[in-house]
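Each remark here refers to the structure printed beneath this line.
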Amino acid sequence: RSSVPFCASIQVWNLLLKWGGVSRAFSPPRCSCACAQVLVVGCGNSELSEQMYDTGVCQDIVNIDISDAVIRQMQERSGSTRPKMSYLLMDVLQMDFPDAHFQVVLDKGTLDALLADEEEATLVKADRMFAEISRVLQVGGRYLCVSLAQAHVLQKAVEYFSREGWVVRVHQVAGSGGERHCALPVFVYVMTKFRKLPGSAPPILEICPEQQDRPVRLESAERLVAAVKDRQHYALLCSQISKTPCREQVSLDLCDKESGKPRYTLHVVDSPSVKPSRDNHFAIFIIPQGRETEWLFGTEEGRRQLAASAGFGRLVTAALHREQLYEGMAGIQAELSGKVMELAPPGLPARQQVPFLSVGGDIGVRTVRHCDTSPLSGEFVVEDVKGDGTCYFRRLVFLRNRNVVQSEARLLAPTPLPGQKKRRKDKKKPSPSEPPGAIDKSYLCCEHHKAMVAGLCLLGGPDALPGELEVLVVGLGGGSLPLFVHDYFSQARVAVVEIDPSMLEVATHWFGFSQGDRMRVHVSDGLDYVAKLAAEAPAQYDAVMFDVDSKDLMVGMSCPPPAFVEKPFLQKVKTILKPEGLFVLNLVCRDARLKESV
């Protein structure tokens with residue numbers, strides 16, 4: 001029981017004041033606990049009861065323990081100076097008190113000690129302890145259990161009391177922030193006794209994170225245990241990186257209090273090459289919205305280079321999520337200041353000012369234009385983001401892999417209508433989030449698209465290009481690749497194969513794509529379409545281009561799906577090409593051995 005650190009005691013008192021000794025709702029008056037009778041089970045020689053008594057939190061306290069020596073010691077220590085408090089030799093598994101005798105039962109580490117393992121005999125003891133606590137507690141009273149919240153301990157307590165119809169709330173009271181000496185987070189389970197209702201009403205399960213008064217409702221015991229485990233991992237992480245530099249980059253999500261969805265993604269990057277001084281220990285870098293996929297911000301090597309060039313020993317980068325709203329740089333700084341200090345490096349001087357950095361001093365612009373779900377591609381969004389300078393870009397992002405831009409197109413600046421006067425310089429400038437104009441079809445955003453188009457020069461030299469070309473593109477996305485080929489090879493006829501009809505709709509409505517005499521889209525599986533062509537109409541294409549993503553994130557190759565580069569299928573691709581035809585493949589493979597085999 002001594003493993004529960006004393007740093008939690010003051011917060012336990014606060015919980016007693018706020019939640020203890022009440023039989024009505026959830027907002028007791030401050031004095032309600034002072035007139036409540038409190039039972040402390042497994043008191044040991046802890047000073048908690050004495051300090052609650054001396055500070056006036058509550059004085060009608062009964063302490064029990066199974067150790068005769070401990071009870072005698074505590075009676076001698078408190079008998080004459082604390083007349084309203086008693087110490088009794090008694091087993092929590094078989095108490096002598098009458099039913100409904102107490103308004104509060106307080107347990108500081110006793111359950112943790114009792115549930116040392118998951119043996120059947122141990123679980124039976126836990127059930128007996130819970131049953132006895134339930135028996136002696138009044139309806140509306142509360143069982144407060146201070147615990148390190150090992151998974152099996154928390155699971156057992158939550159399942160038992162929620163099954164009995166009690167309200168279950170878990171508070172984190174210590175373990176991060178200023179409590180650096182409490183490496184393991186400490187929790188208090190607040191179990192409120194209600195009469196068990198007939199039927200199968202859903203349990204009320206809540207968690208109240210540290211420094212947050214408003215609880216978060218969860219739908220199952222498993223989710224509650226998982227939420228506690230997240231906070232345990234975070235506290236241990238903060239403890240570790242506050243003592244030693246990070247040899248590898250650490251990544252974590254900070255979630256929105258209301259929705260539970262990720263709000264910030266943080267990466268902790270240490271630069272051993274930076275010689276520490278008073279002013280360069282630690283900084284926070286806010287990545288502008290929409291730029292988190294760029295190499296400098298979205299890769300380990302890029303972030304390492306960013307940290308070194310910034311000249312700080314530890315840099316925490318913060319990426320902003322598209323589902324969230326942010327109130328400018330000042331709002332983000334106010335929101336993150338307390339939390340990021342928990343990630344501070346060892347040796348940070350006390351009361352050191354930590355700078356917030358960004359590109360151009362703002363948080364960027366991101367406007368979500370369209371959200372939808374496809375049975376094949378899952379959830380996706382179309383968004384407009386501001387790049388460097390005044391350029392805007394439209395992007396298609398599949399949320400199953402939110403750090404990868406699936407398709408991108410540059411947007412043209414709005415042009416004045418005929419007869420419309422230009423904006424005077426002294427007039428108010430347009431809002432940075434003002435909708436840009438149409439798609440710039442002359443600009444290829446993706447480097448691999450530039451290479452794929454340039455590859456068409458291999459078809460026979462400059463003299464051959466103006467002639468008719470038959471081009472097959474497998475994979476539509478936003479349509480920028482087939483659009484460019486169509487527009488800049490004026491006699492090219494382009495056939496596009498796309499398996500997902502939702503992508504044709506997105507390309508048409510949001511990326512300026514259109515079909516015509518020289519551009520046709522076939523909604524079909526590329527594997528089936530090529531196989532059918534090989535059997536029925538061989539040698540008809542001058543160029544076949546594969547720009548198709550893999551839906552399987554478990555394979556180390558994100559473009560194309562593995563079936564597209566198997567030898568029997570490549571033989572079919574060769575069959576549909578003319579004798580001097582060209583095959584162009586966009587290969588994205590992070591598995592070196594798989595890449596070599598392809």
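List of remarks:
- Exactly one residue out of 584, 555, 548 is part of a loop (DSSP other than H, G, I, E, B) and touching a residue at least 60 places away in the same chain (Cβ under 8 Å): that is 548.
- The condition (being surrounded by fewer than 16 Cβ atoms within 10 Å (Cβ to Cβ) and of a type in the set (A, V, I, L, M, F, W, C)) is satisfied by just one residue among 534, 539: 539.
- Residue in the stretch 335-346 that is loosely packed, with under 14 Cβ neighbours inside 10 Å and outside any loop (DSSP other than H, G, I, E, B) present: yes
- Of all residues making up the stretch 566-581, the number that are in contact (Cβ under 8 Å) with a residue 60 or more places away in the chain and assigned to a loop (DSSP other than H, G, I, E, B): 0
- Selection count where residues are crowded, with 19+ Cβ neighbours inside 10 Å and farther than 15 Å from residue 459 by Cα, scope the stretch 573-584: 2
- Residue in the stretch 383-394 that is under 21 Å from the mean Cα position of the chain (by Cα) and open to solvent by less than 40 Å² (accessible area, probe 1.4 Å) present: yes
- Looking only at the stretch 184-201, and only at residues there that are at pLDDT 85 or above and surrounded by fewer than 20 Cβ atoms within 10 Å (Cβ to Cβ), the one that is nearest to residue 112 (Cα to Cα): 194
- Filter pass, residue 226 being open to solvent by 30 Å² or more (accessible area, probe 1.4 Å), under 27 Å from residue 172 (Cβ atoms), of a type in the set (A, V, I, L, M) and in a helix (DSSP H, G or I): yes
- Residue check for residue 322: open to solvent by less than 50 Å² (accessible area, probe 1.4 Å) and part of a loop (DSSP other than H, G, I, E, B): yes
- Residue match in the stretch 297-304 (condition: within 23 Å of residue 407 (Cα to Cα), small (Gly, Ala, Ser), outside any loop (DSSP other than H, G, I, E, B) and within 17 Å of the chain's Cα centre (by Cα)): yes
The values are calculated or read from the model by the stated rules, or taken from the named source; none is laboratory data. Predicted model, so just to flag it, every value in this text is computed and none were measured. Cβ atoms come from the backbone with ideal geometry, glycine included; neighbour counts cover every protein chain shown. To get the accessible areas, we keep the full protein, side chains included, count just its heavy atoms, and leave off ligands, DNA and RNA. Shrake-Rupley method; radii C 1.70, N 1.55, O 1.52, S 1.80 Å.
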